[in-house]
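I have placed the structure first, in the form of C-alpha cells, so that the comments after it can refer back to it.
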Amino acid sequence: MLGVTLAAGLAVSAAAACGGGDSGGNDGPLKGQTVTVAAIWTGDNEGAKFQKVLDEFSKRTGAKVTYTPTGDNVAAYLGSKVDGNAPPDVAFLPQQGVLVEFAQKGWIKPLPDDTQNLVKQNFAQVWQNLGSHNGTMYGVYFKASSKSTIWYRKQAFTDAGITQPPTTWADFVKTAQTLADSGATPISVGGADGWVLTDWFENVYLSVAGPEKYDQLSKHEIPYTDDTVKETLRKLAEIWSKDDFLAGGRDGALQTEFPASVPAVFGDSPKAAMLPGADFVASEISTNTKSKVGTDADFFPFPAVGDKAPVVGAGDVAVMMKDTQAARELMKFLASAEAAEIWAKQGGFISPNKAVDLSTYPDEVQRRIAKAVIDAGDDFRFDMSDLAPAAFGGTKGQGEWKILQDFLRNPSDVDGTAKKLEDAAKAAFK
C-alpha cells in the first residue's frame, strides 16, 4: 500500500491472517459509506496482499472497507449469507460456474456501464465472456492463474546434458527419456489429487483439439468418445504408461498428493526432475523447500501437442451482490490496472488485465507467466473441470477425477476410459 507505515502494515497483515481486515475511510467522495467484501484469501501470503488493494481503494475514496474470508467453500458461504439476507456488497468467485449459478438465481448485479467499458478496454474477449451470462456482464476477473507451466530442477537438466527445455510434446517425451537414461526420474505426479490429472488432460486436449472443440467438450456438446479425446488419452499414455518416467511409478504417483509432489522435485532429497503444475507452484517451492525460483527452479510452457501450445488456467472474478455506490466504485477500481498492480508488485499474483505493466511484477519468472496469459488472448481457456458439474469435474473419488486416476493405473485402455468419461458426463450434464 502506498505511504503505509510499518506499524500499519503489520496491523493489516495481522488482520488478514486472523480472518479479516477493515480499511478505515479517509476524506473522499465516499466518506461515510461502507462496502463489505468477501473472498477466499487469508494469511500473509494472499490475505494481507489483497488487503492492501482494499486499503488503497479506501484511501482514494474515503469508503470504509470490511473484508471477510469465505473459507474454502465460497459458494456455500455466500449462499448462507443470501439466505440470511446479509450478502456482502462485493464477492470474489473462484469458479465460473458459480457466477452462472448466482446470475441465474438473481444473486448478483450487472456491472455498471462505466465498469463494463473499462473491462472491454482492459481485458481480452475471453475474460469478458467468462464474466458474463446470457449476454449480461456481471464480473471483473481480478486474479488469474496459469495451469500451463512445467516446473523443473535446473541442475537435473544440466546433469543430463539438456540445454533447452522442450517446446513440443515429442520433445517433452524425448526429454523425459533423456533424464531417465541419465539415471534421474523425470516427473513427479500428485495423482492422489484427481484435479492434478484433469490439468494434464485439459492442456493436452486444448492443444490436440483446439479452442472450439475445447469449448464444445466443456459444455458436453460433443461426447467424450470423440476421436480428439481418445487422441489426448493416447498422448497422455506416452508418459503415464512408463513407470520409470514417474516418481514411484504409477502406484507411487497415485499415492502422492499434490503438496508432496513439489518437494519430490525441489526438496533436499529430490526424487524427480519435473513437475507439471500451475503458477502457484512457485509459491510452494519458496515456502516449502530451500530451492530458489529462478536459480534452482524454473519453468517452461506446457509443450505444444498439436499446432499451438495450450494456455489453460483459472481465475477469481469479482461480482456485485448489492448495487450500492461504494460497490460500483470498487468494481470500477478492480477493473483498473492500478488495482492489479498493487498486488502484482508484491508477488504471488497474475492479472489478466492487459493494461498492467509487466515491469510491475517482482521477478522475471512471474513476468513470463503473466505475459503468457496476456499473449494467449482469446485462446486462453478456463479449467474445463471447473466449468463442469461438480459431480463430473470436481468430486474426489468419482467422475473425471476417478476415471483419470484409473487410466493412470492402466493407460492401455483408451476406448474403455473414453466410454467411462462419456457415461459419467451424461449423468452429470443432465
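Relative to the Cα centre, the charge distribution of the chain, modelled as +1 at Lys and Arg Cβ and -1 at Asp and Glu Cβ, gives a dipole magnitude of about 580 debye. Here's how it looks for Thr42: its modeled amide H is under 5 Å from those of Gly47, which are all 5 or more places away or on a different chain. Along segment 106-118 the Karplus relation, 6.51 cos²θ - 1.76 cosθ + 1.60 evaluated at θ = phi - 60°, assigns HN-Hα couplings of x, 8, 10, 9, x, 5, x, 4, 5, 6, 4, 4, 5 Hz to successive residues, with x for each Gly and Pro. When the charge dipole of the chain is built from unit charges on Cβ atoms (+1 for Lys and Arg, -1 for Asp and Glu) and taken about the Cα centre, the candidate among Gly71, Thr417, Gln51 whose Cα reaches farthest toward its positive end is Gln51. Listed by chain and number, the aspartates and glutamates placed with their C-alpha closer than 18 angstrom to that of Lys402 are Asp193, Asp199, Glu202, Asp251, Glu257, Asp383, Asp386, Asp413, Asp415, Glu422, Asp423; residues fewer than eight positions away on the same chain are left out.
Once you order the gyration tensor axes a ≥ b ≥ c over the Cα atoms, which shape class does segment 173-218 get: rounded for a/c under 1.5, otherwise prolate or oblate by comparing a/b with b/c? Oblate, since a/c reaches 1.5 and b/c is not below a/b.
Spread over its residues, the convex hull of the C-alpha atoms of segment 146-239 is 112 Å³ per residue. Taking θ as phi - 60° and the Karplus parameters 6.51, -1.76 and 1.60, the scalar couplings of segment 198-207 work out to 5, 5, 4, 4, 5, 5, 5, 5, 4, 6 Hz in sequence order, x denoting glycine and proline.
If a/c stays under 1.5 just call it rounded; otherwise compare a/b with b/c (prolate if a/b is bigger, oblate if not). Do that for segment 202-282, with a ≥ b ≥ c from the square roots of the Cα gyration tensor eigenvalues. Prolate is the answer for segment 202-282, as a/c is 1.5 or above and a/b outweighs b/c.
Over all directions, the projected convex hull of the C-alpha atoms in segment 364-430 averages 6.5 nm² in area. Grab the other residues whose beta carbon is less than 11 angstrom from that of Val140, score K and R as +1, D and E as -1, and report the net. Around Val140, the surrounding residues sum to +1.
For segment 271-358, the share of alpha carbon pairs falling in successive 10 Å distance bins from zero is 12, 33, 31, 17, 6, 0 percent.
For segment 244-399, the pair-distance distribution built from all alpha carbon pairs, in bins 5 Å wide starting at 0, is 1, 7, 13, 15, 18, 18, 14, 8, 4, 2, 1, 0 percent. Rounded to the nearest 500, the helix-only mean residue ellipticity at 222 nm of the chain stands at -13500 deg cm²/dmol, with each DSSP H run of n ≥ 4 adding -39,500 (n - 2.57). Put simply, the amide H of Val35, placed in the peptide plane, has neighbours under 5 Å in Lys64, Val65, Thr66, leaving out anything fewer than 5 places away on its chain. In terms of the mean number of neighbouring beta-carbon atoms within 10 Å, the peptides 103-110, 347-354, 396-403 order highest first as 347-354, 396-403, 103-110.
Straight Cα distances below 15 angstrom link Lys31 to the aspartates and glutamates Asp22, Asp55, Glu56, Glu329, with same-chain residues fewer than 8 positions distant left out.
Taking the DSSP beta bridges in the chain as the whole, what percent of them are antiparallel, to the nearest 5?
Of those bridges, close to 65 percent are antiparallel.
In terms of packing, defined here as the mean over residues of other Cβ atoms within 10 angstrom, the peptides 229-240, 248-259 line up highest first as 229-240, 248-259. Projecting the Cα positions of Ser351, Ala304, Ala314 onto the charge dipole of the chain (unit charges on Cβ atoms of Lys, Arg, Asp and Glu, taken about the Cα centre) puts Ser351 furthest along the positive direction. I'd like the Karplus ³J(HN,Hα) series for segment 208-219: coefficients 6.51, -1.76, 1.60, θ = phi - 60°, whole numbers in Hz, and an x wherever there's a Gly or Pro. Result, rounded to whole Hz: 6, 9, x, x, 5, 5, 4, 4, 5, 5, 4, 9. Under a model in which nothing but the beta-carbon of Lys, Arg (+1) and Asp, Glu (-1) is charged, segment 95-171 shows a dipole of about 160 debye around its Cα centre.
The aspartates and glutamates whose alpha-carbon is closer than 13 Å to the alpha-carbon of Lys322, local same-chain residues fewer than 8 away aside, are Asp89.
Dipole magnitude for segment 166-275: about 160 debye, using +1 per Lys or Arg Cβ and -1 per Asp or Glu Cβ, origin at the Cα centre.
Given springs between every Cα pair under 10 Å in a Gaussian network model of the chain, which of Lys174, Lys332, Lys271 has the largest fluctuation? Comparing Lys174, Lys332, Lys271 in the GNM, the peak value goes to Lys174.
Given axes a ≥ b ≥ c from the Cα gyration tensor, I'd like to know whether segment 48-144 is rounded (a/c under 1.5), prolate (a/b larger than b/c) or oblate. Write out the running numbers ahead of the final one.
Numbers: a/c = 1.63, a/b = 1.04, b/c = 1.56.
It is oblate, given that a/c is not under 1.5 and a/b is not larger than b/c.
Only the coordinates and a few stated rules stand behind these numbers; no lab work does. What you see is a predicted model, and the numbers here were worked out from it, not measured in a lab. Please note: Cβ atoms are built from the backbone with ideal geometry, for glycine as well, and neighbour counts cover all protein chains shown.
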